[in-house]
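Undergrad: Pasting a structure below so you can have a look.
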Amino acid sequence: MRITAPGRLVITRESVEERLGREWETHEFQLAIVSYFGHIKEWDDDEIVIAWDH
Amino acid sequence: MKQRYEALTRDLDWEPSYVAKSDVFPHTEFEGIKIHDWSKWEDPFRLTVDAYTKYQAEKDKRLYAVLDGFAQSQGHLTLTEASYLNAMKLFLQGVTPLEYQAHRNFAYLARHLNGPGPRFAALCQSIDEMRHTQTEIHTLSNYNKYYGGFHNYLEQHDRVWYLSVPKSFFDDALTAGPFEFLIAIGFSFEYLLTNLLFVPFMSGASFNGDLPTMTFGFSAQSDESRHMTLGLEAIKFLLEQDEANVPIVQAWIDKWFWRGYRVTALVAQMLDYMLPRKVMSWKEAFELYFEEQMLGGLFQDLAFYGITPPKHVDDAIAEKEILSHQVYWTLYQFSHAAAFTTTFPDADAQTWLAENYPGTFDKLYKPLWDKEARNLENGGRHFVRGLPQLCQVCQIPMLFTEPDDPTTLCQRESVHNGEKFQTCSNGCQWIFEREPEKYVQAWLPVHQIYQGNCGGPTVPDVLAWYGIQEGDGGEYKGSVDDTNWKSWHNAADHSHIGSEA
Amino acid sequence: MTVRSIGAYDFPSRSRQELYGDDQLVHLWFQENPWFCASACFRAPKAMTWGDFWNALVVPFAEEDPDFDPEARRVFTLHGAQFEPRDDQTLEEIGVEHKDVIGMRVLV
């Protein structure tokens, strides 16, 4: 499965937990990601933001 | 997460009181890079040791469960064909030892960089690279029980002619300073070229029934997102710290793009010729993973700092429809001296090549295979009876052609201290002339054979010194792997599988 | 531009001529013949005659090409200029130096 978004892609803990029906730590994303392209701008407890700076 | 990260990584750092800082970190000035404030290094992952080990352990658990299941169910018999494993032989011999070298050099960075943020990120990557080395060896060792070419990869990496290509690439990076290494491996290799290098191998595994390789690949690639981030943070950090860093970094990008790109030539032929079931063409992979993602995305972002696309990128784009054909034609005629096999592309394979390379295959390369078909009919098989001229920088046989003429070999010559040195391309010549003192030391396999340093003067002498055994190389059809594969698949009684009889 | 290093950086070439004694490396480029993927590299004595170089080194290598014709008329080039080798001339007399590339093209 490949996901693309123009400019900015945000993964929020809340929306993942809603779909999984369980608690989810953003670090768990590391177990699921196979390859990526872009710039990981922000990675904290609540969200992962992939976006270019400029 | 942020507070924990601050407390468990950055706050563990201290200012030296009775030793000069430059004595503690003696390697971060000679390259000319200026750093004013190490605390400006951003690590979006904010990993701590406990979180790191928890998730890495989980990744390993998942992988080893797959390896066990595959081994217990004789999974190797479900591959598309034994010849598929040539791609994996190349991977184990050429790439796995690089993971180990990366482990070593990131450990060096974890000691030598001044800032605690980058030191911790380098430490994690160092441990990752060791994990990749181990998981790759464990995954592919399963095939070593049944197939040739897997048994002596470490010694071969240090000795065999085609493996001097990836080895010398990485040695070049290891012998540079810490910042150049960060741009060479952290940025150019791990960010610019990683998807182009690794995704084709892993997709090839997935399409050809190699579940364990696919799983180690995905497991490793999940660390790769952190490595890519480290590479990108490194370049942005250097560019933001001082304007004087920009031309130095640009020159490293120019150099390391071309060095890394030349290594991917092995991936190009793997995709187009070695995989029994094709995934995508090299041209397609290059357009997606390099032209679209890197030139269309990354370099647009870096333009903000005054960074331009790599110097010889147009030469790389210009050869995307010829590269894999030229490289495979070379490996085909030298595989008697390799630890993998090659074979004549059959009618289906040639149709696929013609469809994917409408502008070049039928016109330039099919005539060569047609001639080889006649040669085979007459009892021949094209194996070169001697040694090729090698490029002084990338160490690949000088098989590449002029950027605007795919029928004329590219010969470049430079003179240093009265001695002639040949290179395969504008990119390699530019790299040589920038630092000739470095490249005159190249351990070129052909020259070393002629100097008598590789076991003896004859082909059998050299192959013995390489640790290449009967069944490792040569023609695939009729090889030990091919014969075993057929007998394992044709026999009603499978109890002898893996035995030599 | 030179190497930036933490100390003196001066190492000998690992392919310098003296490592080959009275011999040298000679490259032969099969122009307009893609059968050979790259130029060949031979180790040959400087005092070797062209006739010996041709018969002992080049022919055994080149006849692997099923279309190879040792009698065909050829154009040879060295240092950007054509030359016509005589069988009794040594490589040194022809002007071939260590790691030179000799171009060779068959006249159609």
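The values are calculated or read from the model by the stated rules, or taken from the named source; none is laboratory data. Everything numeric here is computed off the predicted structure, so don't read it as measured data. Positions of Cβ are backbone-derived with ideal geometry, glycine not excepted, and every protein chain shown enters the neighbour counts. Heads up: the accessible areas ignore ligands, DNA and RNA and are worked out on the full protein's heavy atoms, side chains in. Shrake-Rupley method; radii C 1.70, N 1.55, O 1.52, S 1.80 Å.
Undergrad: Helix-only estimate, please: 222 nm mean residue ellipticity of chain B, summing -39500 (n - 2.57) across DSSP H runs of length 4 or more and dividing by its residues, to the nearest 500.
TA: -16500 deg cm²/dmol
Undergrad: At 1.4 Å probe size, put B:Y18, B:Y84 in order of accessible surface, largest to smallest.
TA: These residues rank, largest area first, as B:Y18, B:Y84.
Undergrad: Accessible area, 1.4 Å probe, largest first: how do C:T77, B:T360 sort?
TA: Solvent-accessible surface, decreasing: C:T77, B:T360.
Undergrad: Also, I was wondering about something else. So, in nm, how far is label B:D461 from label B:W14 when the simple model puts each one 7 Å beyond its Cα toward the Cβ?
TA: 6.0 nm
Undergrad: For the stretch B:408-464 and the stretch C:1-67, compute the distance between their C-alpha centroids and round to whole Å.
TA: What the calculation gives is 9 Å, centre to centre.
Undergrad: Calculate the length of the line joining the C-alpha centroid of the stretch B:1-59 to that of the stretch A:31-54, in whole Å.
TA: Here the two parts' Cα centres lie 21 Å apart.
Undergrad: Okay, next question. Between the stretch B:92-151 and the stretch B:303-336, what is the C-alpha centre distance in whole Å?
TA: Measuring centre to centre over Cα atoms gives 26 Å.
Undergrad: Per-residue accessible area for B:R119 at 1.4 Å probe radius, Å² rounded to 10?
TA: 50 Å²
Undergrad: Right, here's the next one. Solvent-accessible area of C:R16, probe 1.4 Å, all protein chains present, reported in Å² to the nearest ten, please.
TA: Per-residue accessible area (C:R16): approximately 60 Å².
Undergrad: Given the pairs B:K420/C:K46; B:K145/B:K366; B:K2/B:K54, which span a C-alpha to C-alpha distance of over 26 angstrom in this model?
TA: Exceeds cut-off: B:K145/B:K366.
Undergrad: With a 1.4 Å probe and all protein chains left in place, how much of the accessible area of chain C comes from carbon and sulfur atoms, in whole percent?
TA: The computed percentage sits at 46.
Undergrad: Sticking with this structure for a sec: For the stretch B:160-239, state what percent of all Cα-Cα pairs lands in each successive 5 Å bin, counting from 0 Å until the bin that includes the largest distance.
TA: 3, 15, 19, 19, 20, 15, 7, 3, 1
Undergrad: Summed for both chains, how many Å² of accessible area, to the nearest 100, are buried between C and B with a 1.4 Å probe?
TA: That pair of chains buries around 3900 Å² in total.
Undergrad: Report the FRET efficiency, 1/(1 + (r/R0)^6), for A:R2 and C:D22, where r is their Cβ-Cβ distance and R0 is 45 Å, rounded to 0.05.
TA: It comes to 0.15.
Undergrad: Separate question: In what sequence, largest accessible area first, do B:E31, B:E15, B:E402, B:E433 appear using a 1.4 Å probe?
TA: Correct descending sequence by accessible area is B:E15, B:E433, B:E402, B:E31.
Undergrad: Given the protein chains as shown and a 1.4 Å probe, how many square angstrom of B:S203 are accessible, to the nearest 10?
TA: Its accessible surface works out to 30 Å², give or take rounding.
Undergrad: Efficiency by 1/(1 + (r/R0)^6): what FRET value for C:I6 and B:E413, r their Cβ-Cβ distance, R0 = 22 Å, to the nearest 0.05?
TA: 0.10
Undergrad: Kindly work out what percent of the DSSP beta bridges joining two residues of chain C are antiparallel, to the nearest 5.
TA: Here the share of antiparallel DSSP bridges comes out near 75 percent.
Undergrad: Something else: Roughly how many nanometres apart are two label points built 7 Å out from the Cα toward the Cβ at B:A7 and B:L288?
TA: Output for this residue pair reads 4.4 nm.
Undergrad: Return a whole-number percent for the relative contact order of the stretch C:1-45, with Cα pairs under 8 Å and 6 or more residues apart as the contact set.
TA: RCO, the stretch C:1-45: 31 percent.
Undergrad: For the stretch C:54-108, which chymotrypsin sites (Phe, Trp or Tyr not before Pro) are both in a DSSP coil and crowded by at most 12 other Cβ atoms within 10 Å?
TA: Within the stretch C:54-108, no chymotrypsin sites (Phe, Trp or Tyr not before Pro) qualify (loop, at most 12 other Cβ atoms within 10 Å).
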